[in-house]
DNA sequence: TCCACATACCTATCATTTCGAGGTATTGTC
DNA sequence: GACAATACCTCGAAATGATAGGTATGTGGA
């Protein structure tokens, strides 16, 4: 079909990035924590794994949207991330784009 | 960044398929017409081109969601598509999935 | 003690989807 | 006659997500 082998069922283009940025807007978090948070806060609707989240965090950091702060915590090495001003701007842009697409799809789904 | 080279700006995974099915629920349409309709009804927010729509129509037909009916109209060869019962089911499933993801993202964006 | 599990990080590869460029042919307009 | 619009098509590149692995430490139970 339109081949639908997506574990999450599709409709997720760009969503993980948006969610990461939004979560970090409220508080500093580390990667593993973000993976769990997305699962919990979406009621297991979005279950993006570490194989997606970690590379995304690295890309966002390299792009200047996030700042990384390594820290030891009980023998465990964690990397905490915070939003930079660039990240905040990116979050606003993505949020805006998300609602635009949302409205657009809604207009077709339930017309006039 | 998360590299954002999508002409439409992201957030479109699976959306074109959903829109096609929804449009065909109301009336028989041909490919070129669908491309224009998506553009118009979304106010140019979603501008998926023929390079995306035609292959999608073929895949949906092959998958049994659509039935194709070729017809000549004023020297112009058009291929009209209609929904099969399988296509209707697929439309319901995608619509459902779309709102689930929508709610899930919303929960993260505006918590509390 | 040993084993399994949760934590916490990472990469590589594959599948899917979208985008852009290009190609054919007809009709209508300047 | 040239050009835009109509109407179909395919190919290849790029981006994204999913899956499957791989490393290491701490904790709890048998």
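The values are calculated or read from the model by the stated rules, or taken from the named source; none is laboratory data. Small disclaimer: the values here were computed from a predicted structure and weren't measured. Counting neighbours? That spans all protein chains shown, and the Cβs are built from the backbone with ideal geometry, glycine included.
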Worksheet item: If you go through region A:13-32 one residue at a time, do you hit one that is surrounded by 12 or more Cβ atoms within 10 Å (Cβ to Cβ), near DNA strand C (Cβ under 10 Å from one of its atoms) and in a loop (DSSP other than H, G, I, E, B)?
Response: yes
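Looking at region B:74-112 only, could you name the residues that are under 16 Å from the mean Cα position of the chain (by Cα) and more than 20 Å from residue B:60 (Cα to Cα)?
Across region B:74-112, the qualifying residue is only B:99.
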Worksheet item: Within region B:68-81, is even one residue more than 21 Å from residue A:8 (Cβ to Cβ), in a helix (DSSP H, G or I) and touching a residue at least 12 places away in the same chain (Cβ under 8 Å)?
Response: no
Worksheet item: Is there a residue in region B:92-111 that is without any contact (Cβ under 8 Å) to a residue 60 or more places away in the chain, in contact with a helix residue (DSSP H, G or I) (Cβ under 6 Å, 6 or more places away or on another chain), over 17 Å from residue A:107 (Cα atoms) and within 16 Å of DNA strand C (Cβ to nearest atom)?
Response: no
Worksheet entry | Any hit, region A:50-63, residues being within 11 Å of DNA strand C (Cβ to nearest atom), surrounded by fewer than 16 Cβ atoms within 10 Å (Cβ to Cβ) and in a loop (DSSP other than H, G, I, E, B) | no
Worksheet item: Which condition does residue A:100 not pass, out of (1) more than 14 Å from DNA strand D (Cβ to nearest atom); (2) farther than 15 Å from residue B:11 by Cα; (3) surrounded by 14 or more Cβ atoms within 10 Å (Cβ to Cβ), if it passes all the others?
Response: (2)
Worksheet item: From the list A:56, A:83, A:66, which one is in contact with a helix residue (DSSP H, G or I) (Cβ under 7 Å, 6 or more places away or on another chain) and at the interface with chain B (Cβ under 10 Å from one of its Cβ atoms)?
Response: A:56
Worksheet entry | Condition met for residue A:33 (out of contact with any strand residue (DSSP E or B) (no Cβ under 7 Å at 6 or more places or on another chain) and at pLDDT below 95) | no
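Of the residues that sit in region A:67-78 and are surrounded by 11 or more Cβ atoms within 10 Å (Cβ to Cβ) and within 15 Å of DNA strand D (Cβ to nearest atom), which one is farthest from residue A:17 (Cα to Cα)?
Filtering region A:67-78 for residues that are surrounded by 11 or more Cβ atoms within 10 Å (Cβ to Cβ) and within 15 Å of DNA strand D (Cβ to nearest atom), the one farthest from residue A:17 (Cα to Cα) comes out as A:71.
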